[in-house]
Amino acid sequence: MSNLDAAIQDLIIANRILAREEVVDAYGHVSVRHPDKPNRFLIARSLAPELVSPDDIVELDLDGQPVREEHRSLYLERFIHAAIFAARPEVTAVVHAHAEDTLPFGIAQGTKLRPVIHLGSFIGAEVPVWDIADKFGDTSLLVTDMAQASDLAQCLGGHRVALMRGHGFAAAAPSLIEVVRLSVYLPRNARALMRASQLGGAVKYLSQGEIEAHNRGYSPHSAATWRAWEYWANRAGCAHLLTRPGGGGTG
Ligand SMILES: [Zn+2]
């Protein structure tokens, strides 16, 4: 299997996982940098992630434009991916989603979304909040061009994830499995924090040392990481698409 075919297959798995885990619904998308052409990335045409198959994957440049003639509709917000890939050479996978549990933390200013559970450590110690209105005034809140997307990428900076006020989040990672895992645990961490806050009293966040200790123990190609990818792919009904680690997959 070529690098490109393997990347597309893993991208299909990622789409199905994010749908099954309710990170995305009809909206939201995941992309991966082209394995052989770093100035391009792969993403589905405008389609609900649960329904994506290999024929739906398109190749875009870092301005968010298709590299081949394309008559099908593309995601309006594909620029988010283009701008993050352009700004972050080490990033190979990006997710944008509207997961409901993350939304309050982009709206309320009293409580910051930070890691409170061990698997939440992947989101990083700080999660910046990007407000499209700061620079672009009254908009639909959707990111519809490169100027808006670049401003979001600038707010993301070197972080793993940025919340988008009243809209959702954008996440970036060095591999597809990492961005999927981060996107799955981000809403769970948000939910735990929300519930803990309702119990009253001070909330105890993970310390910087705890975040670092947990992340130090992580390897994108370990058996434990593969276990999660395999588990999620099975739940999403696409275990038949799995390639073993080292067999060309990103698992
Ligand atoms: Zn969106």
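Odds and ends about this structure:
- Of the residues making up region 117-156, those that are at pLDDT below 95 and either open to solvent by 30 Å² or more (accessible area, probe 1.4 Å) or in contact with a Cys (Cβ under 6 Å, 6 or more places away or on another chain) (or both) are H118, L119, A125, E126.
- Of everything listed in (1) farther than 29 Å from A224 by Cβ; (2) within 16 Å of the ligand (Cβ to nearest atom), the single unmet condition for L156 is (1).
- Hey, E100 over 19 Å from I177 (Cβ atoms), open to solvent by 60 Å² or more (accessible area, probe 1.4 Å) and not β-branched (V, I, T) or not: yes
- Yes/no for H159 being in contact (Cβ under 8 Å) with a residue 40 or more places away in the chain and out of contact with any helix residue (DSSP H, G or I) (no Cβ under 6 Å at 6 or more places or on another chain): no
- Taken together, A48, A87 contain a single residue that is closer than 26 Å to I132 by Cβ, modelled with pLDDT of 95 or more and surrounded by 16 or more Cβ atoms within 10 Å (Cβ to Cβ), which is A87.
- Pair list, Cβ under 8 Å, 6 or more apart: region 69-93 residue within 16 Å of the ligand (Cβ to nearest atom), other residue open to solvent by 40 Å² or more (accessible area, probe 1.4 Å) and β-branched (V, I, T): L76/T144; E77/T144; F79/T144
- Residue match in region 167-190 (condition: assigned to a loop (DSSP other than H, G, I, E, B), touching a residue at least 12 places away in the same chain (Cβ under 8 Å), surrounded by fewer than 23 Cβ atoms within 10 Å (Cβ to Cβ) and away from the ligand (no atom under 16 Å from the Cβ)): yes
- Taken over region 6-17, the criterion of being more than 23 Å from A86 (Cβ to Cβ) and of a type in the set (A, V, I, L, M) is satisfied by A6, I12, I13, I17.
- Residue count for region 72-84, restricted to those that are open to solvent by 40 Å² or more (accessible area, probe 1.4 Å) and of a type in the set (D, E, K, R): 1
Here's the yes/no breakdown for (1) part of a loop (DSSP other than H, G, I, E, B); (2) loosely packed, with under 13 Cβ neighbours inside 10 Å; (3) free of Cβ contacts under 8 Å to residues at least 24 places away in the same chain; (4) among the β-branched types (V, I, T):
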residue: Q198; (1), (2), (3), (4): no, yes, yes, no
residue: G201; (1), (2), (3), (4): yes, yes, yes, no
residue: K204; (1), (2), (3), (4): yes, yes, no, no
residue: G209; (1), (2), (3), (4): no, yes, yes, no
residue: P220; (1), (2), (3), (4): yes, no, no, no
residue: T225; (1), (2), (3), (4): no, no, no, yes
residue: A228; (1), (2), (3), (4): no, no, no, no
residue: W232; (1), (2), (3), (4): no, no, no, no
residue: H240; (1), (2), (3), (4): no, yes, yes, no
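- Lone unmet requirement of (1) within 16 Å of V179 (Cα to Cα); (2) within 16 Å of the ligand (Cβ to nearest atom) for Y27: (1)
The values are calculated or read from the model by the stated rules, or taken from the named source; none is laboratory data. Model, not experiment: these values are computed from the prediction. Methodologically, a virtual Cβ is constructed for each residue, glycine included, from the backbone with ideal geometry; neighbour enumeration extends over all protein chains shown. Each accessible area value is taken on the protein alone, full model and side chains, heavy atoms only, with ligands, DNA and RNA left out. Shrake-Rupley method; radii C 1.70, N 1.55, O 1.52, S 1.80 Å.
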